[in-house]
Protein chains: 2
Amino acid sequence: MPILVMKFGGTSVATLDRIRRAAKRVGREVANGYDVIVIVSAMAGETNKLVGYVEETSPLFDAREYDAVVSSGEQVTAGLMALTLQEMDVPARSWQGWQVPLKTTDAHAAARIEEIPPANILAKFEQGMRVAVVAGFQGIAPDNRITTLGRGGSDTTAVAFAAAFGAERCDIYTDVDGVYTTDPRISENARKLDRIAFEEMLELASLGAKVLQTRSVELAMRYKVKLRVLSSFGEMGDDAGTLVCDEEDIVESNVVAGVAYSRDEAKMTLISVADRPGIAAAIFGPLAEAGVNVDMIVQNISEEGRTDMTFSCPTNQVARAEAAMKKAKEAGEINFHDLVADTGVAKVSVVGIGMRSHAGVAAKMFQALRDEGINIKVITTSEIKISVLIDRKYMELAVQALHDAFELEKVA
Amino acid sequence: MPILVMKFGGTSVATLDRIRRAAKRVGREVANGYDVIVIVSAMAGETNKLVGYVEETSPLFDAREYDAVVSSGEQVTAGLMALTLQEMDVPARSWQGWQVPLKTTDAHAAARIEEIPPANILAKFEQGMRVAVVAGFQGIAPDNRITTLGRGGSDTTAVAFAAAFGAERCDIYTDVDGVYTTDPRISENARKLDRIAFEEMLELASLGAKVLQTRSVELAMRYKVKLRVLSSFGEMGDDAGTLVCDEEDIVESNVVAGVAYSRDEAKMTLISVADRPGIAAAIFGPLAEAGVNVDMIVQNISEEGRTDMTFSCPTNQVARAEAAMKKAKEAGEINFHDLVADTGVAKVSVVGIGMRSHAGVAAKMFQALRDEGINIKVITTSEIKISVLIDRKYMELAVQALHDAFELEKVA
């Protein structure tokens, strides 16, 4: 029988009643003829409670013990989901990560999946089991200790299972009904997308559209796993959601797929840096070492052997960036007149694979912002994305204006 | 280094603060030169919460899933205890049942321990680890699924580890500071015992003194594990508790060690049973099949081929016992005039290995009860125990009178 992977997040299994509702969706797919692998998160709130216990006990905790404690949340949900399915006469059993086994590296609390041998679960499917309920987010290290995959790891677990078992599709059930052209709280014209390309989803995910974990999208892209995002709260049958798929599976699409934003940005400018070969490395090396996540980088026109270097980073890393730059200056590694931080900015981006073949997207974007009197502070572009930094107070206005300018409320 | 097993029950690890206090006791034994195996229960209330989830989800639950869900409570405590010890600079790590491995039968939810290979933990002790924190109550079945040992299974886990590792002693930390000559809430003269023999403890445990699980005492007796019961709430150093040990290790003792009681008793009498060979089997066979836990049995004087048969059982099994007797009568297996149930009785017992070599204990007991005007309804005796059924309203008076009569407040 074809295999389907269904993943239910914490809010979708927050109570026994919600577990029952999720189980009904699983039962429907079994009736449709699928053998189903269900990946479950911990009941909403449980993981935070357990992490709180660990952090209060030991601020610089042993990650191996953290994993033993925190993985228990998914263990509970997996058992309860299996019991619920059995009550519905669906042959099901639970699997812990170590029972599958889902083999990972030994990087505890942030392990990476190495291998999922399908033999054990396939043997049970052959014996008539219809649903394998697997505790998400957890695996086993070479030394036989429990690992976890880091926050959002259950999405990654689901995609990895879909890849390992050649599943027809991986359905991610969550508390939103799909991926939107932009945040519906900001633009009332926001429209749910039927399909979106992996590359677009990756850009949107890393830009702060928190529907899917970036890692899970990367993995799905690499193994060509069809990924569907849909709500576990709507009526059954009315939940097509959004399919995240290969570019080739999208017949017709808008040039721009969506407008993303990020409030949490700071702009930093090193004034009058001595311009010489290797100066960029001399600046961004120390920032990387200090753990600063540099996002956009712009080097202004150089005059008389000096230049201004601007970069952006999360607001809460400004102090760290300043300290790293000061230290590098004192060590004589770089030379600059001043370092100016602007923490009142936001990033707005338009994303779309159609940009590759359509000119004029940037011009249209800049014109729409100009029409609203919004000043652009920094611009960066990639093959399928244009991002700008603007004053944070204009962020919502910019998102609305861009959504309207590219007519994202209309289907292509 | 010599090995010590220390077990902490649910109330002793109910909060992070109590886990810290328990960890200090462990640290002290490490400083004393022991390698320590710590067995932990789930935080108080957790197991009940998880059992509630399972029962609400599936009244006739699959015990394998029950075990997966319920065992998670001990997993959390084990990790937190290991982290707490590490914070105190004590080299420690947690072990789940399946990691040790603690191998059990596949009787899920009521599994029995088959084997605890000590190699894995001993190897870590040799590498410098000083404390192995083991999740109590759980193990692994031959099919690689998690099992639990039934309620109170953490005591049994602790004794089994002490036996498997040849531990010097097994310390059971609980919320009482030892075993008493009787319930201090009933007799203000009750005295904590320094030592008690396994056989006495077994009788007291099965008579309702809920300090230790009967199974764990049986196991300790079989493998000659020195078992100490002590409080995790008192001051450190002031906690000698009670040592449960081999009879030979008790130099001097009172004839009677303690007075036990059980409120939850019913007396049932089959009136005028046809007295013939095999009649007892014809009565108690159907009762056993119906799941009635028959305790005391007395057959009265036989007259004209008929006899009265009296037995006791827990109050909540009276209906079940009546149904079983009615059914056996209708099937023609037994014949009696009437079945009379008296649910207003209690059982009071005196227990002591000294009875074996001392005559007159029964006489003294009956005299003490007579002096208080208490009528005895049923008497049974074993080698080290005399039990009587009396009206429940006299129970406390009887316990006090017997405690005084045998002068249990005095050390032998």
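Suppose the filter is polar (S, T, N, Q), more than 18 Å from the chain's Cα centre (by Cα) and surrounded by 21 or more Cβ atoms within 10 Å (Cβ to Cβ); does B:Thr157 pass it? The answer is no for B:Thr157.
How many residues does segment B:315-352 contain that are of a type in the set (A, V, I, L, M, F, W, C) and under 20 Å from B:Ile379 (Cβ atoms)?
7
Number of residues in segment A:122-178 that are among the small types (Gly, Ala, Ser), in contact with a strand residue (DSSP E or B) (Cβ under 7 Å, 6 or more places away or on another chain) and within 14 Å of another protein chain (Cβ to nearest Cβ): the value is 3. In summary, B:Met268 fulfils each of the numbered conditions (1) among the aliphatic types (A, V, I, L, M); (2) touching a Lys or Arg at 6+ places or on another chain (Cβ under 9 Å); (3) in a strand (DSSP E or B) with the single exception of condition (2).
Looking at segment B:151-258, the strands (runs of 3 or more DSSP E) lying wholly inside it that each contain 3 or more residues that are in contact with a Gly (Cβ under 8 Å, 6 or more places away or on another chain) sit at B:169-174, B:227-231. In the set A:Met6, A:Met1, only one residue is open to solvent by 50 Å² or more (accessible area, probe 1.4 Å), of a type in the set (A, V, I, L, M, F, W, C), within 24 Å of A:Val225 (Cα to Cα) and touching a residue at least 40 places away in the same chain (Cβ under 8 Å); that residue is A:Met1. On inspection, B:Arg21 passes the criterion of being open to solvent by 20 Å² or more (accessible area, probe 1.4 Å) and within 14 Å of chain A (Cβ to nearest Cβ). Against the definition (assigned by TED's automatic domain parsing to the domain that holds A:Phe284 and either under 14 Å from A:Thr182 (Cα atoms) or modelled with pLDDT under 95 (or both)), how does A:Ala363 come out, yes or no? Answer is yes for this residue. In segment B:72-105, the residue that is farthest from the other protein chains (Cβ to nearest Cβ) out of those that are outside any helix (DSSP H, G or I) and within 23 Å of the chain's Cα centre (by Cα) is B:Thr105.
When the test is whether a residue is polar (S, T, N, Q) and crowded, with 24+ Cβ neighbours inside 10 Å, A:Thr148 passes it. Restricting attention to segment B:358-377, the residues being out of contact with any helix residue (DSSP H, G or I) (no Cβ under 9 Å at 6 or more places or on another chain) and closer than 18 Å to B:Met395 by Cα number 3.
The conditions of being at pLDDT below 90 and open to solvent by 60 Å² or more (accessible area, probe 1.4 Å) are not met by A:Asp194.
Within segment B:264-297, being in contact with a Pro (Cβ under 9 Å, 6 or more places away or on another chain) and among the charged types (D, E, K, R) holds for B:Asp264, B:Glu265, B:Asp295. Have a look at A:Val255, A:Val259, A:Val229 and point out the one that is among the β-branched types (Val, Ile, Thr), touching a helix residue (DSSP H, G or I) at 6+ places or on another chain (Cβ under 8 Å), open to solvent by less than 10 Å² (accessible area, probe 1.4 Å) and modelled with pLDDT of 85 or more. The match here is A:Val259.
Against the test of being surrounded by fewer than 24 Cβ atoms within 10 Å (Cβ to Cβ) and free of Cβ contacts under 8 Å to residues at least 24 places away in the same chain, the options B:Ala163, B:Ala141, B:Ala123 yield a single qualifying residue, B:Ala123. Please tell me if A:Val69 is facing chain B (nearest Cβ under 9 Å) and either more than 26 Å from A:Thr15 (Cα to Cα) or open to solvent by 10 Å² or more (accessible area, probe 1.4 Å) (or both). When the stated conditions are applied, A:Val69 does not pass them.
For every residue, the table says whether it meets (1) acidic (Asp, Glu); (2) out of contact with any Gly (no Cβ under 9 Å at 6 or more places or on another chain).
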| position | (1), (2) |
| --- | --- |
| A:Ala346 | no, yes |
| A:Gly354 | no, yes |
| A:Ala363 | no, yes |
| A:Phe366 | no, yes |
| A:Asp371 | yes, yes |
| A:Ile379 | no, yes |
| A:Ser382 | no, yes |
| A:Asp391 | yes, no |
| A:Glu396 | yes, yes |
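Of all residues in segment A:38-59, those that are more than 23 Å from the chain's Cα centre (by Cα), at the interface with chain B (Cβ under 9 Å from one of its Cβ atoms) and closer than 20 Å to A:Ala111 by Cβ total 2.
The residues listed here are A:Ser312, A:Ser302, A:Ser272; of these, the one that is surrounded by 15 or more Cβ atoms within 10 Å (Cβ to Cβ), within 24 Å of A:Ser382 (Cα to Cα) and small (Gly, Ala, Ser) is A:Ser312.
Of all the listed residues (A:Thr57, A:Thr77), the sole one being more than 20 Å from B:Val13 (Cβ to Cβ), crowded, with 22+ Cβ neighbours inside 10 Å and among the hydroxyl-bearing types (Ser, Thr, Tyr) is A:Thr77. Is it true that some residue in segment A:43-53 is surrounded by 23 or more Cβ atoms within 10 Å (Cβ to Cβ) and either among the β-branched types (Val, Ile, Thr) or in contact (Cβ under 8 Å) with a residue 60 or more places away in the chain (or both)? The answer is no, given that none of the residues of segment A:43-53 is surrounded by 23 or more Cβ atoms within 10 Å (Cβ to Cβ) and either among the β-branched types (Val, Ile, Thr) or in contact (Cβ under 8 Å) with a residue 60 or more places away in the chain (or both).
Scanning segment A:317-334 for any residue that is farther than 17 Å from A:Val294 by Cβ and not in a loop (DSSP other than H, G, I, E, B) turns up at least one such residue.
Criterion applied to A:Ile390, A:Ile374 was being over 16 Å from A:Val294 (Cα atoms) and in a strand (DSSP E or B), and the one residue passing it is A:Ile390.
The values are calculated or read from the model by the stated rules, or taken from the named source; none is laboratory data. Computed from a predicted model, the values in this text were never measured in an experiment. Virtual Cβ from ideal backbone geometry, glycine too; neighbours counted across all protein chains shown. Areas reflect the complete protein model, heavy atoms only, side chains present, ligands, DNA and RNA absent. Shrake-Rupley method; radii C 1.70, N 1.55, O 1.52, S 1.80 Å.
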